[in-house]
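Student: I'd like to ask some things about the structure below.
The values are calculated or read from the model by the stated rules, or taken from the named source; none is laboratory data. Fair warning: this is a prediction, and the values are worked out from it, not measured in the lab. Note: ideal-geometry Cβ built from the backbone for every residue, glycine included; neighbour counts use all protein chains shown. Areas reflect the complete protein model, heavy atoms only, side chains present, ligands, DNA and RNA absent. Shrake-Rupley method; radii C 1.70, N 1.55, O 1.52, S 1.80 Å.
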Amino acid sequence: MGKLDFLRPMSDAACQRVENPLGLDVRLFGNDGVRFEREAFEQLFDFLDVARATEDVKGAEKRGGPVFFGDAPAGIDRVVLTPDFHKGSLVPVGTVARARHMCIPQSIGNDVCCGMRLLVTDLPAEALEPHWAAIQKRLRAIFFAGERDIPMSPRQREAVLREGLPGLVRTSADNEGRGIWSRFDARAAKEDLERAHAQGSFFTRRLFGFERFIQSSGKVDGRDPQIGCVGGGNHFVELQRIDALFDGHAARAWGMSKGTVAIMIHSGSVGLGHAIGGHFMDRAREIFPTGARVKAPKGGFYPLPTSGPRAEEGLFYLDGMGNAANFAFANRLFLGLMAVRAIEEASGRSVASRLVYDAPHNLVFKDGDVCLHRKGATPAHGPRGDEWLGQPVIIPGSMGAASYLLAGQGHEASLESACHGAGRALSRGRAAHVARDVFVRETAHLRVVGPIDFRSPALARRRDILEKYEKRVMEEAPYAYKAVDAVVDSVEEAGIARKVARLFPLCTVKG
């Protein structure tokens with residue numbers, strides 16, 4: 001890592017100012033224990049060029065050029081970088097940008113409403129010890145071998161896309177008692193709406209081209225390949241042990257008991273999000289008014305107006321994003337039911353579960369004229385009304401390290417945003433080429449359930465399949481991630497959120 005000579009200390013020891021060519025207010029949160037790489041900042045500076053491009057367009061309008069923003073004072077006024085800040089595929093992960101009168105589809109990418117869902121159970125972790133072989137077998141069968149069994153009627157699919165979790169609850173009777181719905185408690189799910197960000201529902205005025213997905217087979221109990229998918233990359237479903245409690249009062253209020261099993265889910269809108277992201281990134285590029293005095297923004301970060309004469313362009317994107325976000329909330333709910341099912345069937349025990357929180361990231365949050373873009377960052381609102389404990393904040397580590405539950409403190413300087421994980425220390429390409437003895441040492445003791453059982457005798461002669469599987473695990477191995485303790489300490493030291501509980505991984509499902 002080269003010297004980061006553009007960082008300047010601020011009065012807060014856990015915060016630094018990032019000097020940039022445009023003079024924008026950019027703040028980086030992270031203490032001395034967290035490392036940052038120059039490549040991430042180079043990618044960030046490309047993203048910031050959207051502010052220059054926006055000013056170019058407004059200047060061209062005043063000179064009689066094409067009307068794009070009109071009289072709306074569009075622009076970016078603050079950017080926050082969370083402690084897990086690192087280079088991403090399009091924009092650095094851990095970037096929060098507050099814009100006015102416009103949104104930037106590429107700033108959140110295709111993984112729309114990737115988020116975290118945390119369930120706690122009444123099951124002591126030691127009760128799983130005799131059953132790990134059976135649990136892993138059932139997890140693989142349910143998640144990857146066609147046993148998801150999630151029937152959905154066209155009415156249910158449409159309700160999910162339009163309304164999210166409230167729509168799912170409202171239409172649950174369509175398949176009551178069938179497949180996974182036999183484990184769905186509509187009354188409990190309705191109560192759980194208060195334990196999901198925005199009740200697990202983003203406002204949408206219309207659907208974005210998902211009519212064929214809605215109809216599917218047309219049957220009341222039709223199946224599809226999207227619902228109940230973990231996804232790839234860093235997505236997972238993990239069985240965990242609640243290892244430590246730091247705030248007993250908050251922990252009790254959220255149903256946390258030391259030594260019991262928790263289920264953490266990290267997933268998003270899978271194929272639906274990719275359809276939305278791809279379409280609107282192309283649309284933003286297509287309509288951007290480049291000309292003699294308007295250069296295209298670096299990195300492809302084209303804005304869409306949400307106010308003025310072309311407001312419908314941005315508002316249509318937010319509708320499509322809302323459809324995908326609503327699907328993601330429902331998808332995480334099903335993944336939780338699937339995990340509970342696997343435990344029950346393998347252990348022969350009944351398991352009661354309770355939702356702690358469902359927290360999204362990778363979204364544009366619109367409030368009036370403000371569009372707050374969070375890429376790999378999660379809301380961390382403080383006490384509001386009866387929510388005097390603060391919003392639950394879920395920060396996972398790697399599959400070999402602890403994860404944390406925190407309570408948001410409503411930190412204005414951070415735009416009430418926290419990181420959504422430990423953050424990568426190595427790119428996937430570099431992680432996949434780490435020495436094999438290092439990989440074996442780091443992962444041999446882990447329980448990882450994937451689409452294939454690499455120990456199966458049937459695969460003994462299929463080195464091609466085994467090598468491909470091993471490469472995917474290497475990309476997500478513990479050494480590929482930053483030390484989560486330092487990241488979480490930074491969040492707490494900055495006053496963004498305070499620690500409530502630590503959870504330790506027992507078994508990880510990876511797509």
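Student: Scan the stretch 336-361 and report the pairs whose first residue is touching a residue at least 24 places away in the same chain (Cβ under 8 Å) and of a type in the set (Lys, Arg) and whose second residue is surrounded by fewer than 18 Cβ atoms within 10 Å (Cβ to Cβ) and part of a helix (DSSP H, G or I), with Cβ atoms within less than 7 Å and a gap of 6+ or a chain change.
Tutor: Cβ pairs passing all conditions: ARG341/ARG183; ARG349/ALA127.
Student: When you scan the stretch 339-351, do you find a residue that is in contact with a Cys (Cβ under 8 Å, 6 or more places away or on another chain) and either in a strand (DSSP E or B) or closer than 21 Å to ALA501 by Cβ (or both), even just one?
Tutor: Looking through the stretch 339-351, none of the residues is in contact with a Cys (Cβ under 8 Å, 6 or more places away or on another chain) and either in a strand (DSSP E or B) or closer than 21 Å to ALA501 by Cβ (or both).
Student: Looking at this structure, is PHE202 open to solvent by less than 50 Å² (accessible area, probe 1.4 Å) and either assigned to a loop (DSSP other than H, G, I, E, B) or free of Cβ contacts under 8 Å to residues at least 24 places away in the same chain (or both)?
Tutor: yes
Student: Give me the residue from the stretch 315-369 that is more than 21 Å from CYS419 (Cα to Cα) and among the β-branched types (Val, Ile, Thr) and, out of that set, surrounded by the most Cβ atoms within 10 Å (Cβ to Cβ).
Tutor: ILE343
Student: When the residues of the stretch 75-117 are narrowed to those that are closer than 25 Å to ALA330 by Cβ and hydrophobic (A, V, I, L, M, F, W, C), which ends up most open to solvent (accessible area, probe 1.4 Å)?
Tutor: Among them, the one singled out is VAL93.
Student: In the stretch 452-466, which residues are surrounded by fewer than 15 Cβ atoms within 10 Å (Cβ to Cβ) and not aliphatic (A, V, I, L, M)?
Tutor: Once the filter is applied, which keeps residues that are surrounded by fewer than 15 Cβ atoms within 10 Å (Cβ to Cβ) and not aliphatic (A, V, I, L, M), the stretch 452-466 yields PHE454, ARG455, SER456, PRO457, ARG461, ARG462, ARG463, ASP464.
Student: Does VAL120 fit the bill of being under 27 Å from ALA352 (Cα atoms), buried (at least 24 other Cβ atoms within 10 Å of the Cβ) and either under 18 Å from the mean Cα position of the chain (by Cα) or touching a residue at least 24 places away in the same chain (Cβ under 8 Å) (or both)?
Tutor: Yes.
Student: Checking the conditions here, which among ASP149, ASP174 is modelled with pLDDT of 95 or more, open to solvent by 20 Å² or more (accessible area, probe 1.4 Å) and over 24 Å from ILE343 (Cα atoms)?
Tutor: Just a single option satisfies the conditions, and that option is ASP174.
Student: Okay, moving on. Within the group GLY75, GLY30, which residue is more than 30 Å from PRO309 (Cβ to Cβ) and in contact (Cβ under 8 Å) with a residue 24 or more places away in the chain? Give the steps one after another, and end with the answer.
Tutor: Numbers: GLY75 fails: more than 30 Å from PRO309 (Cβ to Cβ).
Only one candidate qualifies: GLY30.
Student: While we're here: Could you check, for the stretch 114-121, whether at least one of its residues is among the β-branched types (Val, Ile, Thr), out of contact with any helix residue (DSSP H, G or I) (no Cβ under 9 Å at 6 or more places or on another chain) and farther than 28 Å from GLY231 by Cβ?
Tutor: If we filter the stretch 114-121 for residues that are among the β-branched types (Val, Ile, Thr), which is where we start, we get 120-121.
Keeping just the survivors that are out of contact with any helix residue (DSSP H, G or I) (no Cβ under 9 Å at 6 or more places or on another chain) gives 120.
Now drop any that are not farther than 28 Å from GLY231 by Cβ, which leaves none.
No - not one qualifying residue is present in the stretch 114-121.
Student: Further, regarding this structure: Output the number of the condition that TRP132 fails; it satisfies all remaining conditions of (1) out of contact with any Cys (no Cβ under 9 Å at 6 or more places or on another chain); (2) touching a residue at least 12 places away in the same chain (Cβ under 8 Å).
Tutor: Just one mismatch for TRP132, condition (1).
Student: Of all residues in the stretch 1-21, count the ones that are in a strand (DSSP E or B), closer than 17 Å to HIS86 by Cβ and free of Cβ contacts under 8 Å to residues at least 60 places away in the same chain.
Tutor: 2
Student: Which of the residues belonging to the stretch 385-399 are open to solvent by less than 30 Å² (accessible area, probe 1.4 Å) and not aliphatic (A, V, I, L, M)?
Tutor: Scanning the stretch 385-399 gives GLY390, GLN391, PRO392, PRO396, GLY397, SER398.
Student: Oh, and also: Find the residue count for the stretch 32-74, including only residues that are surrounded by fewer than 18 Cβ atoms within 10 Å (Cβ to Cβ) and in contact with a Ser or Thr (Cβ under 6 Å, 6 or more places away or on another chain).
Tutor: The total comes to 0.
Student: Does the stretch 179-189 contain at least one residue that is part of a loop (DSSP other than H, G, I, E, B), open to solvent by 40 Å² or more (accessible area, probe 1.4 Å) and out of contact with any His (no Cβ under 9 Å at 6 or more places or on another chain)?
Tutor: Yes, that holds for at least one residue.
Student: Those residues that are under 16 Å from the mean Cα position of the chain (by Cα) and closer than 30 Å to ARG183 by Cβ, I need them from the stretch 357-390; list them, please.
Tutor: Passing the criteria: TYR357, ASP358, ALA359, PRO360, HIS361, ASN362, LEU363, THR378, PRO379.
Student: I want to confirm something. Restricting to the stretch 483-504 and keeping residues that are open to solvent by 20 Å² or more (accessible area, probe 1.4 Å) and in a strand (DSSP E or B), which single residue is farthest from LEU405 (Cα to Cα)?
Tutor: PHE504
Student: Out of the stretch 6-31, which residues are open to solvent by 70 Å² or more (accessible area, probe 1.4 Å) and among the charged types (D, E, K, R)?
Tutor: Within the stretch 6-31, ARG8, ARG17, GLU19 qualify.
Student: Would you confirm whether or not the stretch 224-242 contains a residue that is closer than 24 Å to ARG498 by Cβ, open to solvent by 10 Å² or more (accessible area, probe 1.4 Å) and in a loop (DSSP other than H, G, I, E, B)?
Tutor: Filtering the stretch 224-242 down to residues closer than 24 Å to ARG498 by Cβ leaves 238, 240-242.
Adding the requirement that they be open to solvent by 10 Å² or more (accessible area, probe 1.4 Å) leaves 241.
Filter once more, keeping what is in a loop (DSSP other than H, G, I, E, B): none.
Scanning the stretch 224-242 turns up no residue that is closer than 24 Å to ARG498 by Cβ, open to solvent by 10 Å² or more (accessible area, probe 1.4 Å) and in a loop (DSSP other than H, G, I, E, B).
Student: Return only the number of the condition from (1) touching a Lys or Arg at 6+ places or on another chain (Cβ under 7 Å); (2) more than 22 Å from GLY308 (Cβ to Cβ); (3) modelled with pLDDT of 95 or more; (4) of a type outside the set (Val, Ile, Thr) that ARG8 does not satisfy.
Tutor: Exception for ARG8: condition (3).
Residue by residue, here is whether (1) of a type in the set (Phe, Trp, Tyr); (2) buried (at least 16 other Cβ atoms within 10 Å of the Cβ); (3) over 27 Å from GLY228 (Cα atoms) holds:
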residue	(1), (2), (3)
ALA425	no, yes, yes
ALA432	no, yes, yes
ASP437	no, no, yes
ARG447	no, yes, no
LYS468	no, no, no
TYR479	yes, yes, yes
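Student: Would you check if there is a residue in the stretch 260-269 being in a helix (DSSP H, G or I) and open to solvent by 10 Å² or more (accessible area, probe 1.4 Å)?
Tutor: No: zero hits.
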